[in-house]
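Taking it in order: structure first as structure tokens, then the write-up.
What follows draws every value from the coordinates through simple rules; no lab data is involved. Fair warning: this is a prediction, and the values are worked out from it, not measured in the lab. Reconstructed Cβ throughout: ideal geometry from the backbone, glycine too, with neighbour counts over all protein chains shown.
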Amino acid sequence: MYALIYDEFDPSKREKTVISVHTSRETAENALTKRQRTLGKKVWECNTRIVWVKEPVHAGDTITPSAFETWAPGEAIPAGDRVPDGD
């Protein structure tokens, strides 16, 4: 299952709050777009990201990085996400 999590990208803050849970990446992307519009911010300013959660979770749960991955097993990773941001 996919989830939107609140992630400040701070390594010292390992626990992430689950904002919402979704059955597909598409519905998670729609929820992220809606959250972006609601907050009136760009996607990178929302401190929110989509992850694949290994075990069932609910909105409001707290999870750690061991409970999720950026991509689901077997999911096609877009070419732009396979290349590091650095040189």
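Odds and ends about this structure:
- Convex hull projection area averaged over all views, segment 32-83, Cα basis, nm²: 4.9
- Both radii are taken from the alpha-carbon atoms of the chain; with Rh as the Kirkwood radius, Rg/Rh is 0.95.
- Estimated distance in nm for a label pair at GLU26 and LYS54, the labels positioned 7 Å out from Cα along Cα-to-Cβ: 2.8
- Residues of segment 1-44 with amide N under 14 Å of a point placed 7 Å along Cα→Cβ from ALA72: 1-4, 21-30
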